[in-house]
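The values are calculated or read from the model by the stated rules, or taken from the named source; none is laboratory data. A quick note: this is a predicted structure, and the numbers were derived from the prediction, not measured. Heads up, the Cβs are rebuilt from the backbone with ideal geometry, glycines too, and the neighbour counts pull from every protein chain shown. What goes into the accessible areas is simple: the full protein's heavy atoms, side chains included, and nothing from ligands, DNA or RNA. Shrake-Rupley method; radii C 1.70, N 1.55, O 1.52, S 1.80 Å.
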Amino acid sequence: MLKNRIFKRIYTNKTSLVGFILVSFFLLVALFAPVLAPVQNPHNPYQMPQKSYAIAPQPPSAQNWLGTTEQQYDLYYGVVWGTRLAFEVGITVTFFAFLIGLIVGAVAAYFGGKVDEVLMRLTDVVFAVPSLVLAMVIAAMLGPDIKNMMIALTAVAWPSYARLIRGDILSVKRRDYVTAARTLGASGPRILLRHILPNSIYPSVVVASLDIGYVVLTAASLSFLGLGAQPGTADWGQLIAMARNWVLGTAQNPLAYWYTVAVPGAAIFLFVLGWNLLGDAFRDILDPRQA
């Protein structure tokens, strides 16, 4: 039933359909990355092949379909494998942030009292610092690496889920069917897992679907600042960082190196747009207030 609603909502709404097509396209690119761009380094498939150490980027050619970045990294390889890395970062960070927020929010809302006070004050401490700034600090402390970047992003993303889930659980726990289950002698964990969470989790799932694109965008920002992927990694933010010295082109031709910025920039834009449009469809389907 839910599956039919999802596909019906996507196919009957143009913006949702565009989002579905974009996400599906990037998913196919990520799945078939080894076919589209054969691995050059068996020990690290995300390491972009480097043609030489020449400084100036080279335009698209038969050997490099999308051109090269500075120091001659293959831009096509970087975009293709960067798609797989974007899914890995976006889904992993969103999943663990959602899981941590779910545990913290559920425990705080259900038990209340001092437990709720301590957990929510901890959440407020994280909220007190701008998320990007805090992520930069954590990433800088841990060192530039993809895994460290994902840890930093997870550390700043979970409080929003904790607050949202807490608020929904506080509303649901007062419903008559929860009171009836408690009167019949159901245990606390059973009430929480069987009756409360299934009826309060959907708004958070909607937020999670919208956050995947935002996580990838933030990860690209950290990589651009040198706090994410290592140099030479197939990462969209890293590709844009390599292009920053060539944005203005040359005095004779300001657009001489347009491809170094346009290609990874378009990939980030379309990826985030696809998830945002698809997230709107999930919101309309899963949010009970829309029914």
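Numbers for the structure displayed
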quantity	calculated
Qualifying position, being at pLDDT below 75 and surrounded by 20 or more Cβ atoms within 10 Å (Cβ to Cβ), among Phe282, Phe271	Phe282
Matching residues, the stretch 8-40, being open to solvent by less than 50 Å² (accessible area, probe 1.4 Å), assigned to a loop (DSSP other than H, G, I, E, B) and either closer than 20 Å to Gly232 by Cα or at pLDDT 85 or above (or both)	Ala37
Residue tally, condition without any contact (Cβ under 8 Å) to a residue 60 or more places away in the chain and open to solvent by less than 10 Å² (accessible area, probe 1.4 Å), over the stretch 221-240	1
Number of the condition not met by Glu70 [criteria: (1) of a type outside the set (A, V, I, L, M); (2) more than 30 Å from Ala152 (Cα to Cα); (3) touching a Pro at 6+ places or on another chain (Cβ under 7 Å)]	(2)
Inter-residue pairs, beta-carbon under 7 Å, first at pLDDT 80 or above and in the stretch 196-214, second among the β-branched types (Val, Ile, Thr), 6+ apart	Ser204/Ile165; Ala208/Thr94; Asp211/Thr94; Ile212/Ile91; Ile212/Thr94; Gly213/Val272
Output for the stretch 241-267, where each listed residue is in a helix (DSSP H, G or I) and in contact (Cβ under 8 Å) with a residue 60 or more places away in the chain	Met242, Ala243, Asn245, Trp246, Tyr259, Thr260, Val263, Pro264, Ala267
Only one of Thr250, Thr260 that is buried (at least 23 other Cβ atoms within 10 Å of the Cβ) and among the hydroxyl-bearing types (Ser, Thr, Tyr)	Thr260
Inter-residue pairs, beta-carbon under 7 Å, first without any contact (Cβ under 8 Å) to a residue 40 or more places away in the chain and in the stretch 26-41, second of a type outside the set (S, T, N, Q), 6+ apart	Val39/Pro45; Gln40/Pro49
Enumeration of residues in the stretch 194-206 that are closer than 17 Å to Leu164 by Cα and open to solvent by 50 Å² or more (accessible area, probe 1.4 Å)	Pro198, Asn199, Tyr202, Val205
